[in-house]
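The values are calculated or read from the model by the stated rules, or taken from the named source; none is laboratory data. Owing to the predicted nature of the structure, the values given are computational and were not obtained by experimental measurement. Glycine gets a Cβ as well: all are built from the backbone with ideal geometry, and neighbour counts include every protein chain shown. For the accessible areas, the whole protein counts, side chains as well, though only heavy atoms, and no ligand, DNA or RNA atoms are used. Shrake-Rupley method; radii C 1.70, N 1.55, O 1.52, S 1.80 Å.
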Amino acid sequence: DSSGKGRNGVANGNAQLDVGQKKWGSASLMLDGTGDRVNVSDNAAWTPGTNFTVEAWIYPTDLSAARTIVSHGSGNTNNEWRLDVGTDGRLRFTQTVTGVNNIALQTAAGEIVINQWQHVAMVKQGNTYRFFVDGALVYST
């Protein structure tokens, strides 16, 4: 964690740094989709409020299964969310608010492609949700 807030992650599976494929700095996080992840301790900062943004640089190499980009699950069914990519290249966001997936949004198919760096973001402002890919708005409620 470079923020200085002590939110350091712990690698699981064979999550590793890849110096050959990177967007920024000297390496990127490589997850092969079979149990790899980085766990970060729960924190109130992960609980979305009225306005929030979830974003990441991604380089998917395979979309044969849905791929989680980032998620939060605290065991509290009112505080779980996930940003992922479906097998058809849809960027998807789900959030559990009252014990069920109250929010389930997705872009059109093909927004995410393999073997290419892409910046993805899901932005919530009040009751409006927006998805961006490489800075371009691709979905809005």
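Carbon and sulfur together cover what percent of the accessible area of the chain at a 1.4 Å probe radius?
Details: 3890 of 8270 Å².
Answer for the chain: carbon and sulfur cover 47 percent of the accessible area.
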For S2 and N39, extending 7 Å from Cα along the Cα-Cβ vector and measuring point to point gives, in nm, a value of 2.6
For E55, tell me the accessible area in Å² from a 1.4 Å probe, rounded to the nearest 10.
-> 110
Stokes-Einstein, Kirkwood over Cα pairs, the chain, 37 °C, 0.692 mPa s; D in µm²/s equals 205
With DNA, RNA and ligands ignored, accessible area of I69 (1.4 Å probe; Å², nearest 10) = 40
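For region 6-90, give the magnitude of the charge dipole about the Cα centre (Cβ charges: +1 Lys/Arg, -1 Asp/Glu; no others), in debye to the nearest 20.
Once rounded to the nearest 20, the dipole reads 180 debye.
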Label-point gap, in nm, between N115 and S140 - each point 7 angstrom along Cα→Cβ = 3.4
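Below 8 Å, C-alpha to C-alpha, sequence gap of six or more: please give me the relative contact order for the chain in percent. Don't skip to the end; give the middle numbers.
Working: 275 pairs, mean separation 24.7, N = 141.
Answer for the chain is 18 percent.
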Simple SL model, points at 7 angstrom along Cα→Cβ for W24 and A56; separation in nm is 1.5
Total formal charge among the other residues, if their Cβ is under 14 angstrom from that of I114, Lys/Arg +1 and Asp/Glu -1 | -2
Arrange the residues H119, H72 by how much accessible surface each exposes, largest first, with a 1.4 angstrom probe.
-> H119, H72
